[in-house]
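The values are calculated or read from the model by the stated rules, or taken from the named source; none is laboratory data. None of the values given here were measured: they were computed from a predicted structure. Cβ placement follows ideal geometry from the backbone for every residue including glycine, while neighbour counts extend to all protein chains displayed.
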2 protein chains.
Amino acid sequence: MATRTAAATAAKARIRDAAQGRILDAAAEVFSERGPAAATVAEIAARADMPTATVHYYFGSKTALYDAVLSQVLDLWLSEIDRIDTQGPPEEALSAYIRAKMRVSFAHPAASRIVAGEILRGGAKIESFVRDELLPHLQAKLDLVEHWRRSNRVRPVDPRTLFFLIWASTEFYATYASEVVAVRGVERLTEAEFETASDAIADIILRGALPRARD
Amino acid sequence: MATRTAAATAAKARIRDAAQGRILDAAAEVFSERGPAAATVAEIAARADMPTATVHYYFGSKTALYDAVLSQVLDLWLSEIDRIDTQGPPEEALSAYIRAKMRVSFAHPAASRIVAGEILRGGAKIESFVRDELLPHLQAKLDLVEHWRRSNRVRPVDPRTLFFLIWASTEFYATYASEVVAVRGVERLTEAEFETASDAIADIILRGALPRARD
DNA sequence: GACGATCCTGATTTGATCGTCAGGATCGAT
DNA sequence: ATCGATCCTGACGATCAAATCAGGATCGTC
């Protein structure tokens, strides 16, 4: 180790990162499709096109691998909350937020489903994340909405209820995708359908939450 | 068997039903908390306060037990769609529907979570139910909303999108209960909080989906 | 080309849970 | 009291997936 050059270390690191990346991608897929309990290391390894033992070599245990996937996914989730532009008017800020959340549901359905599954089963694994990371970020946004509300730029609604409504309606398109597909009678959801749904959701929620009719 | 009286048969049936009921209740709890894969027959049996073998005696296999729970739960889910009063004005009908769905989320959180988990993992097990039972029932309701829309009693929104919004926002309080609890900083959700949330959701969605400002 | 370090994997062990089975307990009918 | 039918259960076996391990392959350095 004392004789290792930086180049050698970097080369090894690249190999490691590539392998870990492939495993993480495969794992995110399998965990989201089957849930962490039903997912098997063998299936994850098969999708990453490598032997089972290799997965254990890199991540030690299935639980550790799941935790790594979860951590990745939570970072994505957190970054979405920051998408609210605190400068613009409520109408534009909320509209942009809704569209951003819908885009995540479309672009990262596996990530959305993993978080949803975690919460569905009580959220014990993400408790500290929610307390230490999510809530502080969220609080600033809640304060912003509360501020709007006090200056009558948002109707008198509990800011938290408004956020719940936005989360529910946007994440629905990732977590209930199989239902949406069945009810709409399509093969799969296209980006265009996501755009249309985003428009409709933003339209209804904004009209419902902002003062004055807009047409 | 040829000599069995009706009374004896009824007595046995009562015993059987009681035991099966206890098992089904315990199973619904455990399945909803852990998911079908992570749930163990041993834990279900422990909650029903009986040996593991007894659960197998009544239901044969864990899969059969899960299917029985799922079937119960889907019936409940279906019955909710019929709650829409096709006679009344849109405002009252939709408001009553939203409140009914919220009441289910509050009264039967385990049932809501089991269905949500099933859908989350692709809904393969409920595919035929959705096609043969849910969709036909739903279609009548969609037609009703479409009818309202054409007579300008509902704003120009896709009826399916409106239903998705209602489902998402109401089931959110069952499926994301651990998040709601964390964000609100309470121990658990009370009936009063569900009522308040119902009011807020109905208020925003109705104002967003119905023509003319209401204040 | 010998070295140290890391990468990688087939074979095997370990552990947990589903499901069976043989047989005892209970109960109503006669 | 005995009988048939069903209820009920402890003990056991089979299965399946996680995790270990010993050892070989590879790579940059000297």
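Conditions tested, residue by residue: (1) in contact with a helix residue (DSSP H, G or I) (Cβ under 8 Å, 6 or more places away or on another chain); (2) within 16 Å of DNA strand D (Cβ to nearest atom); (3) of a type outside the set (Phe, Trp, Tyr).
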| position | (1), (2), (3) |
| --- | --- |
| A:42 | yes, yes, yes |
| A:58 | yes, yes, no |
| A:74 | yes, no, yes |
| A:83 | yes, no, yes |
| A:90 | yes, no, yes |
| A:110 | yes, no, yes |
| A:141 | yes, no, yes |
| A:148 | yes, no, no |
In the range B:26-40, what count of residues is obtained for those that are within 15 Å of DNA strand D (Cβ to nearest atom) and in a helix (DSSP H, G or I)?
1
Flagged pairs (Cβ under 9 angstrom, 6 or more apart or on separate chains; first in the range B:106-120, under 14 Å from residue B:27 (Cβ atoms) and part of a helix (DSSP H, G or I); second of a type in the set (Phe, Trp, Tyr) and modelled with pLDDT under 95) are B:111/B:77
Residue by residue through the range A:60-72, note down the ones that are more than 14 Å from chain B (Cβ to nearest Cβ) and either free of Cβ contacts under 8 Å to residues at least 40 places away in the same chain or near DNA strand D (Cβ under 7 Å from one of its atoms) (or both).
A:60, A:61, A:64, A:71
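A quick yes/no check of all residues on (1) closer than 24 Å to residue B:196 by Cα; (2) in the same structural domain as residue A:198 (by TED's automatic domain parsing); (3) in contact with a helix residue (DSSP H, G or I) (Cβ under 8 Å, 6 or more places away or on another chain):
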residue: A:96; (1), (2), (3): no, yes, no
residue: A:102; (1), (2), (3): no, yes, yes
residue: A:120; (1), (2), (3): yes, yes, yes
residue: A:136; (1), (2), (3): no, yes, no
Residues being free of Cβ contacts under 8 Å to residues at least 24 places away in the same chain, more than 25 Å from the chain's Cα centre (by Cα), surrounded by 14 or more Cβ atoms within 10 Å (Cβ to Cβ) and within 13 Å of chain A (Cβ to nearest Cβ) - total across the range B:134-156
1
Of all residues in the range A:19-55, which are within 14 Å of chain B (Cβ to nearest Cβ) and under 22 Å from the mean Cα position of the chain (by Cα)?
A:29, A:30, A:31, A:32, A:33, A:34, A:35, A:36, A:37, A:38, A:39
Just one listed residue, out of B:182, B:100, is within 30 Å of residue A:129 (Cβ to Cβ), crowded, with 17+ Cβ neighbours inside 10 Å and either under 19 Å from the mean Cα position of the chain (by Cα) or within 11 Å of another protein chain (Cβ to nearest Cβ) (or both), and it is B:182
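Which residue out of B:99, B:150, B:131, B:160 is closer than 30 Å to residue A:122 by Cβ, charged (D, E, K, R) and out of contact with any Pro (no Cβ under 7 Å at 6 or more places or on another chain)?
Numbers: B:150 fails: closer than 30 Å to residue A:122 by Cβ; B:131 fails: closer than 30 Å to residue A:122 by Cβ; B:160 fails: closer than 30 Å to residue A:122 by Cβ.
On inspection, the qualifying residue turns out to be B:99.
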Quick check on the range A:185-199: of everything there that is in a helix (DSSP H, G or I) and exposed (fewer than 15 other Cβ atoms within 10 Å of the Cβ), which residue is nearest to the other protein chains (Cβ to nearest Cβ)?
A:196
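Confirm whether residue B:120 is more than 22 Å from residue A:33 (Cα to Cα), within 8 Å of another protein chain (Cβ to nearest Cβ) and surrounded by 17 or more Cβ atoms within 10 Å (Cβ to Cβ).
Numbers: more than 22 Å from residue A:33 (Cα to Cα): no; within 8 Å of another protein chain (Cβ to nearest Cβ): yes; surrounded by 17 or more Cβ atoms within 10 Å (Cβ to Cβ): yes.
Taking the combined requirement at face value, the residue does not satisfy it.
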May I ask you to say which residue of A:120, A:70 is over 12 Å from the mean Cα position of the chain (by Cα) and at pLDDT 95 or above?
A:120
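Could you tell me whether residue B:45 is modelled with pLDDT of 95 or more and either in contact with a strand residue (DSSP E or B) (Cβ under 6 Å, 6 or more places away or on another chain) or outside any helix (DSSP H, G or I) (or both)? Reasoning before the result, please.
Working: modelled with pLDDT of 95 or more: yes; either in contact with a strand residue (DSSP E or B) (Cβ under 6 Å, 6 or more places away or on another chain) or outside any helix (DSSP H, G or I) (or both): no.
Here the answer is no, as residue B:45 does not meet what is asked.
Here's a check for you: in the range B:79-94, which residue that is surrounded by 14 or more Cβ atoms within 10 Å (Cβ to Cβ) and of a type outside the set (A, V, I, L, M) is nearest to residue B:199 (Cα to Cα)? Can you show your working first?
Filtering the range B:79-94 down to residues surrounded by 14 or more Cβ atoms within 10 Å (Cβ to Cβ) leaves B:80-81, B:83-84, B:90-91, B:93-94.
With of a type outside the set (A, V, I, L, M) added as a condition, the list becomes B:80, B:83, B:90-91.
Details: B:80: 18, B:83: 18, B:90: 16, B:91: 13 Å.
Filtering the range B:79-94 for residues that are surrounded by 14 or more Cβ atoms within 10 Å (Cβ to Cβ) and of a type outside the set (A, V, I, L, M), the one nearest to residue B:199 (Cα to Cα) comes out as B:91.
Yes/no matrix, rows are residues, columns are (1) within 16 Å of DNA strand C (Cβ to nearest atom); (2) part of a helix (DSSP H, G or I):
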{"position": "B:64", "(1), (2)": "yes, yes"}
{"position": "B:71", "(1), (2)": "no, yes"}
{"position": "B:75", "(1), (2)": "no, yes"}
{"position": "B:78", "(1), (2)": "no, yes"}
{"position": "B:87", "(1), (2)": "no, no"}
{"position": "B:100", "(1), (2)": "no, yes"}
Among (1) crowded, with 16+ Cβ neighbours inside 10 Å; (2) within 13 Å of DNA strand C (Cβ to nearest atom); (3) in a helix (DSSP H, G or I), there is one condition residue A:50 misses while meeting the rest; what is its number?
(3)
I'm told residue B:205 meets every condition in (1) within 19 Å of the chain's Cα centre (by Cα); (2) within 7 Å of another protein chain (Cβ to nearest Cβ); (3) crowded, with 21+ Cβ neighbours inside 10 Å except one. Can you identify the failing condition by its number?
(1)
